[in-house]
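The values are calculated or read from the model by the stated rules, or taken from the named source; none is laboratory data. These numbers come from a predicted model, not from an experiment. All Cβ positions, glycine included, derive from the backbone under ideal geometry; neighbour counts span all protein chains shown. Side chains included, ligands, DNA and RNA excluded: accessible areas come from the protein's heavy atoms. Shrake-Rupley method; radii C 1.70, N 1.55, O 1.52, S 1.80 Å.
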Amino acid sequence: MVLLNLRHSVRAIILDEEDRILLCRFSLPERVVWAAPGGGVEPGESPYAALCRELDEEVGLVLVEPPPHVWHRRVVEPGYVQGYDGAIQDYFLVRTAAFQPRGALSNEHLVAENITGFRWWRLSEVADYQGPDLFGPRDLAGPLSKLIKGGVPERPLELGL
């Protein structure tokens, strides 16, 4: 039996009062990916603590209570996360008023984490996007539409790449 080394991370599906989603622009060497803010769970850290830390660092959002767990993604693909065999990602729904993202990390620290921008996206903009950038997950529009129209699922929705 092969033991996989998967990186556990948490991400926030941040929706504003107009159901726009806040995404981070990750500039990677081979592509640009728009994905929800968040990051790795450190050893000994709970997923909620990791989510609170990452949101404060990246976008300046402070959580007051644990948000609902809405999506789960397991990707086993060498090279998906440097130094790992893949990743386990848990996504949590955070509803808030629109805000200008400005976290505790400096621009230099954000760039070191490959984050080069932020943008509020409407569902239709995600669904209709024809540009060269990718979304994480690739079919973000599908599960996002279900979440906006159907609300929090009973169990986290399993996502693909």
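For segment 32-49, the tally of residues that are part of a strand (DSSP E or B) and either loosely packed, with under 12 Cβ neighbours inside 10 Å or in contact with a Pro (Cβ under 9 Å, 6 or more places away or on another chain) (or both) stands at 2. Scanning segment 6-25 for residues that are under 11 Å from the mean Cα position of the chain (by Cα) and open to solvent by 30 Å² or more (accessible area, probe 1.4 Å) returns a single hit, Arg25.
To keep it simple, each residue is scored yes or no on (1) under 15 Å from the mean Cα position of the chain (by Cα); (2) closer than 16 Å to Val33 by Cα.
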{"residue": "Gln82", "(1), (2)": "no, yes"}
{"residue": "Ile88", "(1), (2)": "yes, no"}
{"residue": "Arg102", "(1), (2)": "no, no"}
{"residue": "Gly136", "(1), (2)": "yes, yes"}
{"residue": "Glu158", "(1), (2)": "yes, no"}
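Contact map, segment 89-100: residues that are within 17 Å of Ile148 (Cβ to Cβ) paired with residues that are among the hydroxyl-bearing types (Ser, Thr, Tyr), Cβ distance under 9 Å, separation 6+ or inter-chain. Pairs shown: Phe92/Tyr48. Between Tyr91, Tyr80, the distinction of being at pLDDT below 95 and surrounded by 14 or more Cβ atoms within 10 Å (Cβ to Cβ) belongs to Tyr80 only.
From the list Pro29, Pro101, the lone residue that is open to solvent by 30 Å² or more (accessible area, probe 1.4 Å), more than 23 Å from Pro153 (Cα to Cα) and either out of contact with any Asp or Glu (no Cβ under 6 Å at 6 or more places or on another chain) or in a strand (DSSP E or B) (or both) is Pro29.
Scan segment 51-71 and tell me whether some residue there is more than 26 Å from Leu4 (Cβ to Cβ), touching a strand residue (DSSP E or B) at 6+ places or on another chain (Cβ under 7 Å), part of a helix (DSSP H, G or I) and not acidic (Asp, Glu). Yes - at least one qualifying residue is present in segment 51-71.
Just to be sure I understand, how many residues within segment 1-26 are assigned to a strand (DSSP E or B) and at pLDDT 95 or above?
Going residue by residue through segment 1-26, those that are assigned to a strand (DSSP E or B) are 6-15, 21-26.
Filter once more, so that each one left must be at pLDDT 95 or above: 8-15, 21-26.
Of the residues in that region, 14 qualify.
When each of Leu6, Leu15 is tested for being in contact (Cβ under 8 Å) with a residue 12 or more places away in the chain and in contact with an Asp or Glu (Cβ under 8 Å, 6 or more places away or on another chain), the lone residue that passes is Leu6.
Give segment 106-141 a look and list any residue that's of a type in the set (A, V, I, L, M, F, W, C) and open to solvent by less than 30 Å² (accessible area, probe 1.4 Å), or say none.
Restricting attention to segment 106-141, the residues satisfying the condition of being of a type in the set (A, V, I, L, M, F, W, C) are 110-112, 115, 118, 120-121, 123, 126-127, 134-135, 140-141.
Leu110, Ile115, Trp121, Val126, Phe135, Leu140, Ala141, listed by residue number.
Counting just the residues of segment 27-38 that are modelled with pLDDT of 95 or more and of a type outside the set (Ser, Thr, Tyr), which one comes out farthest from the chain's Cα centre (by Cα)? That would be Val32. When Cys52 is tested against (1) touching a residue at least 12 places away in the same chain (Cβ under 8 Å); (2) buried (at least 17 other Cβ atoms within 10 Å of the Cβ), just one condition goes unmet, and that condition is (1).
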